[in-house]
1. All but one of (1) touching a Ser or Thr at 6+ places or on another chain (Cβ under 6 Å); (2) within 14 Å of chain A (Cβ to nearest Cβ) hold for B:Glu119, so report the exception by its number.
2. Based on this model, can you work out whether A:Ala214 counts as outside any helix (DSSP H, G or I), in contact with a Lys or Arg (Cβ under 7 Å, 6 or more places away or on another chain), of a type in the set (A, V, I, L, M) and surrounded by 23 or more Cβ atoms within 10 Å (Cβ to Cβ)?
3. Among the residues of the stretch A:251-296, which ones are acidic (Asp, Glu), surrounded by fewer than 20 Cβ atoms within 10 Å (Cβ to Cβ) and either touching a helix residue (DSSP H, G or I) at 6+ places or on another chain (Cβ under 9 Å) or closer than 19 Å to A:Asp79 by Cα (or both)?
4. Residues to consider are A:Leu308, A:Leu281; find the one that is closer than 30 Å to A:Ala390 by Cα and either modelled with pLDDT of 95 or more or not assigned by TED's automatic domain parsing to the domain that holds A:Phe234 (or both).
5. Could you go through the stretch A:204-224 and let me know if any residue there is in the same structural domain as A:Glu127 (by TED's automatic domain parsing), of a type in the set (Lys, Arg) and without any contact (Cβ under 8 Å) to a residue 60 or more places away in the chain.
6. Which pairs turn up if I take residues in the stretch A:147-165 that are over 23 Å from A:Asn111 (Cβ atoms) and look for partners that are exposed (fewer than 13 other Cβ atoms within 10 Å of the Cβ) with beta carbon separation below 8 Å, at least 6 apart in sequence or on another chain?
7. Just to be sure before I move on: is A:Phe396 at pLDDT 95 or above and assigned to a loop (DSSP other than H, G, I, E, B) in the structure I sent?
8. Got a sec? Which strands (runs of 3 or more DSSP E) wholly within the stretch A:86-189 have at least 1 residues that are surrounded by fewer than 18 Cβ atoms within 10 Å (Cβ to Cβ) and small (Gly, Ala, Ser)?
Amino acid sequence: MSTATAVPVAPAGALDVQAIRRDFPVLAQRVHGKPLCYLDNAASSQRPQCVIDAVSDYYETSHANVHRGVHALSQKATDLFEGAREKVRRFIGARSTREIIFVRGTTEAVNLVAQSYARPRLQGGDEILVSRLEHHANIVPWQMVCQQTGASLKVVPMTRSGELDFDAFRSLLTDRTRLLALTHVSNALGTIVPVERFIAEAKRRGVPVLLDGAQAAPHLRVDVRALDCDFYGFSGHKMCGPTGIGVLYGRESLLAAMPPWQGGGDMILEVTFERTTYNDLPYKFEAGTPHIAGAIGLGAAIDYLETLGLDRIAAAEHDLLEYATARLAGIPGLEIVGTAPHKAAVVSFTLRGVHPHDIGTILDTEGVAIRTGHHCAMPVMDFYGVPATARASFAFYNTRDEVDRLVSALHVAQEMLG
Amino acid sequence: MDLNDLYRDVIVDHNRNPRNFRPMPDADRHAEGFNPLCGDRLTLFVKLDGDRISDVSFQGSGCAISVASASLLTESVKGRTVPEAERLFATMHALLTQDDAPVDVPSLGKLGALSGVREFPARVKCASLCWHTLDAALHRQSEPVKTE
């Protein structure tokens, strides 16, 4: 089914950020007359030329439908598509490509597990455990399945620093807990959740674990076997890949026992009006023509990230985080929201006297793109008693100079409205 | 795009010191406005003397544009009749959303300061929230208003 590919070797030493920036055509533009300073990577990253080329090359030279035709192009498209699946498998350390389901993104990954894994198993009185840190995409699908089955949603509380309360988590694990759905990295605050501890405890109680890896996959090395999680979802567009493509990793034994969640082409072996035989994994969960170009682009993004080296990416981003945290903390009236000791390169903050929405507009006119609002994590905002925060989120192609521009733009906002 | 066109002195002043920013326990009408995406949230209170708006106030939190717009609204509709306020709502809607709106900006007085918002499409809903909320209050609409 898959051909093994070699892991690209990352050169030693630190990243050459200026060279990397030239890989990203979008970064060269000016916004409102100022060089673009893109600090909204937690919402969506940018794409290097090699990803853009992989997608356009595919359409220019190789497109046909996959898994169907005997003709040359169909085979070429299938090889590229399945080659991308193998790259994903290797990227997250899965045992088999049968465990790699292409989906639209993390949201669809969570919904698939909620509807196909959880829904048939849940009964009234059962419990699904999530955390206070979750993105709405790891809350709402569980609320929906709870409404459908009579199960209830339990929430692991968070602490003032933006960490999860492990002791409270342990007391929330009960004989009725059927699944733990946990974020790997908080999108709103950047907290890196020590998921290994949570998974180990859940496993001890026989509770399967889904991780929302949307914010983790682009920034730290993910190994689903080492994590020992049962499901792991992530999105292509947050890791330099195309929009509309993402991955659900699932432990094969669980996936095999799950019913399909959508019916259509590609997910069947045989159809009569009396009965349908479903296809094998992973195709059982990929009804309809998939996002072939998206998968190929995601494969190219993985190649790119691995060439740079995930460890070096994490180191570069950690440097930006520390620098940004120190610079921002020096602004009078600025309060950083989320101060966990282990964080991805995300800094959420409020500025006295200036609403986050105004910060966003003022920074935009300075060419600085950040996210303002609730970050699809309203329970986190409620916890801190704020309607919104401003959030700067960094990628390996950002620089300390850009942090300085962020700080200067915040001074402009303070002068104007503070 | 010029920031000073958005954050004019009148806007900055009304954001820092919002007028008629108080609850009104004996209000005849009130309505809530909420923009979930940015978190702007306000409650608008209206006291009526027949057809005339004898008092109007608001409470809530939001960005400078939404707070200043609500503050300016209270100053401008107090004393007007309900049909006059509704006409003003239509005028403000046109001012905020149409490039070539046939609006005599100077005649709007301080409200004219909001004309710069049009150049910032993402912020139009901030400025219009209070007007939609007033409309809901005058029409006894019970559902919270959203402009997103």
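1. (1)
2. yes
3. A:Glu252, A:Asp266, A:Asp280
4. A:Leu308
5. Applying the first criterion (in the same structural domain as A:Glu127 (by TED's automatic domain parsing)) to the stretch A:204-224 yields A:204-224.
Next cut, of a type in the set (Lys, Arg) only: A:204-205, A:221.
Applying the additional criterion that residues be without any contact (Cβ under 8 Å) to a residue 60 or more places away in the chain yields A:204-205.
Yes, the stretch A:204-224 contains a residue that is in the same structural domain as A:Glu127 (by TED's automatic domain parsing), of a type in the set (Lys, Arg) and without any contact (Cβ under 8 Å) to a residue 60 or more places away in the chain.
6. The qualifying pairs are A:Ser161/A:Pro341.
7. So A:Phe396 fits the description; yes.
8. Counting at least 1 such residues, we get A:152-156.
The values are calculated or read from the model by the stated rules, or taken from the named source; none is laboratory data. This one's a predicted model, so the numbers in the text were calculated from it and none came from an experiment. We place every Cβ from the backbone using ideal geometry, glycine too, and count neighbours over all the protein chains shown.
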